[in-house]
Ligand code: SAH
Ligand code: SF4
Ligand code: F3S
């Protein structure tokens, strides 16, 4: 008997991603699943059989943004593309659920971050029944089903903004148990569930085999990775902490050149992570360590569970382990009750620590979180003033830090070639600074020695050292 292969026309999917790296990783994951279902990527909504919006709920107006995008898509569908299907994924999908589907009738599929592995099935059910599909909620932490939630990322081209084939993300844990009083993540991503070391190493090896040189391990709090796996386990395990164990094992993957991780929570940060930086050159010389505020009273009310002095202690461990360590951080201004004096402590911390860059945000009340119920909310104008002052200070420091690089020799892993200027390549130094260099030969995926010749706020410029 002969089988006639059924050559079906490819379907087109447009993927739009908001929010953090976990969402970028989820988008890559969903795209890979869809490619398995005969979809290819498009950049054009008019042309898309499916539009997938992967949403973020971290700050205000999140739902509003999604609804306004859905409104525009309704017009596109009406005028150009009547068969367009729309799927909404991510943290707004989880937080708003059915309410969002009631508000926007053009959503065909709604899938929460804990259920993305169901996406192909939901699409197919929608097609066969014509009915709208919804799946939200989390896996039962007892059954530790995260391995089933994540398909193994292997060769899918990272088509999601910001990522290249050279630098890929690997999720190590979902969710968060910390409940910082400002933060919605524990509600949109559920409790922390870790993947196994074996799975993470195997995914890393697959990605490296398909051309990746740099892997960034992702979790909301990578330092508490694996603590859930240890619970109830009677096996004699390694004496190291699970996250540190993971770092050493992933760093061993042959062909991997750089290993990064984010986000590190200072509360669970231990001296052995600093030691890992000095033991494992692949870890580079950079860490993102969110502090949120430079004042202990504010930190206490945020429930960050570390003091400013303890935060400095961690910086000292890292600077001792790697003298040229570069740092970045997240900061919130105008947290409820924050006075001018308390904000001044944040400015002093930033002035003294000398981050390479910061992400600063105005506090945004999130319904359901403890801080949203605090009665001493800070007026919007004060938040704006503080944000401007903080960014102005950091801009000066960023420029100074970058200019201090002039004349230095740095090892740079090149990630991509500029589309607008062929022959111009962009990469990152070990300290994670963006660097551009010109070359007649292709530098993508190569690690080169570079002499820094110029610097501005956003990037360094360098000459290759033969
Ligand atoms: N898990 C990470 C943070 C993830 S959210 C950590 O603990 O460091 C990323 C950043 O968004 C936070 O570090 C914080 O600075 C900011 N953020 C979170 N909730 C916020 C809110 N309600 N208002 C303003 N900024 C917020
Ligand atoms: Fe949010 Fe805090 Fe968890 Fe980070 S550690 S995700 S800020 S609750
Ligand atoms: Fe946003 Fe969800 Fe990430 S709320 S920041 S996409 S975990």
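The values are calculated or read from the model by the stated rules, or taken from the named source; none is laboratory data. It should be emphasised that the depicted structure is a prediction, and the values quoted were computed from it without experimental measurement. Cβ sites come from the backbone with ideal geometry, for glycine too, and all protein chains shown count toward neighbours.
Among the residues of the range 187-221, how many are within 21 Å of residue 413 (Cβ to Cβ) and either free of Cβ contacts under 8 Å to residues at least 12 places away in the same chain or within 16 Å of ligand 1 (Cβ to nearest atom) (or both)?
The qualifying residues number 3.
Could you tell me whether any residue of the range 168-182 is more than 20 Å from the chain's Cα centre (by Cα) and at pLDDT below 95?
Within the range 168-182, not a single residue is more than 20 Å from the chain's Cα centre (by Cα) and at pLDDT below 95.
Before we move on, is residue 357 in the same structural domain as residue 297 (by TED's automatic domain parsing), out of contact with any strand residue (DSSP E or B) (no Cβ under 7 Å at 6 or more places or on another chain) and either within 16 Å of ligand 1 (Cβ to nearest atom) or at negative phi (or both)?
No.
State all residues of the range 317-358 that are loosely packed, with under 14 Cβ neighbours inside 10 Å and in contact (Cβ under 8 Å) with a residue 60 or more places away in the chain; if no residue qualifies, say none.
324
Counting just the residues of the range 323-336 that are touching a strand residue (DSSP E or B) at 6+ places or on another chain (Cβ under 9 Å) and part of a loop (DSSP other than H, G, I, E, B), which one comes out farthest from residue 360 (Cα to Cα)?
Only one residue tops the list, namely 325.
For the range 304-315, give me each residue that is within 15 Å of ligand 2 (Cβ to nearest atom) and outside any helix (DSSP H, G or I).
Passing the criteria: 304, 305, 306.
Suppose we keep only residues that are touching a strand residue (DSSP E or B) at 6+ places or on another chain (Cβ under 9 Å) and outside any helix (DSSP H, G or I) within the range 183-209. Which one would you say is nearest to ligand 2 (Cβ to nearest atom)?
Per the stated criteria, the residue is 192.
Among 218, 246, which is under 20 Å from the mean Cα position of the chain (by Cα), farther than 30 Å from residue 297 by Cα and buried (at least 22 other Cβ atoms within 10 Å of the Cβ)?
One residue alone meets the criteria, 246.
Can you tell me which residue in the range 347-368 is modelled with the highest pLDDT, limited to those that are within 16 Å of ligand 2 (Cβ to nearest atom) and farther than 18 Å from residue 20 by Cα?
Here the residue is 365.
Taking the criterion of being under 30 Å from residue 415 (Cβ atoms) and at pLDDT 95 or above, would at least one residue in the range 119-127 satisfy it?
Among the residues of the range 119-127, at least one is under 30 Å from residue 415 (Cβ atoms) and at pLDDT 95 or above, which makes the answer yes.
Which one of 400, 385 is over 30 Å from residue 302 (Cα atoms) and in a helix (DSSP H, G or I)?
None of the other options fit; the residue is 400.
Looking at the range 263-288, which of the residues that are part of a loop (DSSP other than H, G, I, E, B) and surrounded by fewer than 22 Cβ atoms within 10 Å (Cβ to Cβ) is nearest to the chain's Cα centre (by Cα)?
263
Identify, from the list 46, 37, 60, 75, the residue that is within 16 Å of ligand 1 (Cβ to nearest atom), surrounded by fewer than 17 Cβ atoms within 10 Å (Cβ to Cβ) and in the same structural domain as residue 126 (by TED's automatic domain parsing). It would help to see each step written out before you state the result.
Values: 46 fails: within 16 Å of ligand 1 (Cβ to nearest atom); 37 fails: within 16 Å of ligand 1 (Cβ to nearest atom); 75 fails: within 16 Å of ligand 1 (Cβ to nearest atom).
It is 60.
Which of the following residues is closer than 22 Å to residue 176 by Cα and assigned to a helix (DSSP H, G or I): 301, 260?
301
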